[in-house]
Amino acid sequence: GDMVGEVEKQSIMHPKPPGLTLHYGTAGLRTNAKHLDHAMFRMGLLATLRSKNTKATIGVMVTASHNPEEDNGLKLIDPMGEMMAPAWEHYATQLANADDLLTVLKDIIEKEAINMSQEANVFVGKDTRSSSARLSQAVLDGVSALDGHNYGLVTTPQLHYMVRCQNTKGKYGEATLDGYYSKLCQAFIQLTKNASNRTDDQKLLSVDGANGIGALKVREMESHLKKELQISLFNDGSQGKLNYQCGADFVKVQQKPPTGFKMNPGERYCSFDGDADRIVYYYTDSEGQFHLLDGDKIATLMSTFLKELLEQAGLNLKVAVVQTAYANGSSTHYLENTMKVIVRCAKTGVKHLHHAAQEFDVAVYFESNGHGTVLFSEAAEEKICQLAEDPNINDEKKRAALLLQNTINVINQTVGDAISDMLFIEAILAIKGMSVQQWDAVYADLPNRQLKVKVADRRAIDTTDAERRAVSPPGMQDTVDSLVNKYKQARSFVRPSGTEDIVRVYAEADTQESADALAHEVSLAVY
Ligand code: 16G
Ligand code: ZN
């Protein structure tokens, strides 16, 4: 059809650098922004095809998340706001690397039997990187959609949200930023009405915006919060560099506050990453000791809150928590044995957790690094709404049902969302009258250590059991097992990184010395 002819002309403006190979992986495409123009144009083409193929709106987000400012990248968003189906990731890689673009394009059209006269609709968004304006224009050049929409600056989860709203005809909300803020903030305000004796101090929260898009969007949202949450914004992009010495990844990896942060003992702090799909909390105690509340602590807080409400509401809905192998053993133990919720382990990467979570009535999923959200099945949502409207129930049930209903509305179910997670966490702490120290004290993290190991070929390592055990090279897992047996409360695993050319080693044990020693010994056993 027309599109192919158009592509021939346009692609001359977006030449592929010779010898460059890109890979569309767990985090989409990501590399130095200098090398991405052709890939952006081509992903605009792919989004158009995906839209015709699904007969729905598709999203394209230009961002490299927590990577340095010099990098950029892109992710495609499927109709319900989830990440693009794995089957199409392969097309993305093929298209990004094709020397003969038209042939690959025609191949995809044929294989997927795409009706080229079908309308396309693509939403495009970008983060605050200096290269994002130029690269999102390249995407738009590739989008030959009749009804494309350029959202400009948005967080990654905001674009996921817009796509879902658009494809569910308003059932999920309005596909505008104002619609997003209204839905989340109204739910937040309703939730906090259930917090008795909330003091002004408890309404204060310090947010590290990683000098990125999250900071901008928190500012935009502020008036919707009606002072029920009073945010002090740091690293708002006015001075510092994106993700540099700040942000969720820095805080999690370094186990310390963003550089230059003056922390007051006992106060709550949180950090977003560069595209605001990750969040971690932290505080210092009266001795000046730093405490991190990561994705595991967040999942515990959320799942406990939900389980208690479902019990109060008398609803027979099961709560599950989906984690990865990196989840601290104490969190898994607490969830299984004290909270008695179902715990599942999924492979690293948000799409795997999201997929596993879809099996349950109510599922909280989080990676330790702070990416996560809550999913409610359609049936669960229906039961909750029915109960909330039932005139014949007692006050306790009514309160629980209404809280659950507002919880559904405060959550962005399409993907982990720092802003939405923050509002939900703040609401839980307010309703429970819980301080950040009390939240932290729910369980104590086991000391742990992560190491990177350089090997000749990381693909020689194959894993099973959600990456917790290696099946090759032969004998390696046996060695790891015998090392683990030397220590108390110990656990260790080895997996090839999906984002770097290295192998990652994780170890935990009863003391930091033991965890360090175990990680070291296991890293020597990797080959
Ligand atoms: C990607 C994933 C992140 C995961 C990380 C692991 C998404 C959006 N991002 O950044 O969730 O934690 O990869 O990296 O899925 P690794 O394979 O190098 O350990
Ligand atoms: Zn991110």
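Every number in this text was worked out from the coordinates using simple rules, so none of it is lab data. Not measured: the values here are computed from a predicted model. Here the Cβ positions follow ideal geometry from the backbone for every residue, glycine too, while neighbour counts run over all protein chains shown.
Helical runs (DSSP H, four residues minimum) scored at -39500 (n - 2.57) apiece and divided by the length of the chain put the mean residue ellipticity at 222 nm at -12000 deg cm²/dmol. Legend: distances between Cα atoms for LYS75/LYS217; LYS203/LYS432; LYS126/LYS203; LYS203/LYS262; LYS126/LYS297; LYS226/LYS307; pairs beyond 24 Å are LYS126/LYS203; LYS126/LYS297; LYS226/LYS307. Distance from the Cα centroid of region 1-39 to that of region 463-527 is 38 Å (rounded to whole angstrom).
Distant-in-sequence amide contacts of PHE366, defined by a placed amide H-H separation under 5 Å and a gap of 5 or more residues or a different chain, comprise VAL322. The phi-based Karplus calculation (6.51 cos²θ - 1.76 cosθ + 1.60; θ = phi - 60°) puts the 3J(HN,Hα) values of region 496-510 at x, 5, x, 10, 9, 7, 8, 10, 9, 10, 10, 9, 9, 6, 5 Hz, whole numbers, x for Gly and Pro.
Residues whose amide H comes within less than 5 Å of that of HIS23, counting only those at least five positions distant or on another chain, are ARG30 (H built at 1.01 Å from N in the peptide plane). Measuring between alpha carbons in the structure, the pairs from LYS227/LYS347; LYS16/LYS106; LYS55/LYS351; LYS193/LYS383 lying more than 28 angstrom apart are LYS227/LYS347. Here region 259-330 and region 395-410 have alpha carbon centers that stand 21 Å from each other. Each of THR284, THR304 has some number of other Cβ atoms within 10 Å of its Cβ, and from fewest to most they run THR284, THR304.
Separation of region 221-251 and region 54-98, taken as the distance between their Cα centroids, equals 26 angstrom. Across the chain, the relative contact order, built from alpha-carbon pairs under 8 Å that are at least six residues apart, equals 12 percent. Amide H contacts for LEU233 (H built 1.01 Å from N in the peptide plane; partners 5 or more residues away or on another chain; cut-off under 5 Å): VAL207.
Once R0 is set to 56 Å, what does the formula 1/(1 + (r/R0)^6) return for the Cβ-Cβ distance between GLN289 and GLU110, expressed as a FRET efficiency to the nearest 0.05? The calculated FRET efficiency here is 0.35.
For region 2-153, the equivalent ellipsoid built from the Cα gyration tensor has semi-axes of 21, 17, 14 Å, listed from largest to smallest. Among 419-427, 171-179, sorting by the average number of other beta carbon atoms lying within 10 angstrom of each residue, highest first, gives 419-427, 171-179.
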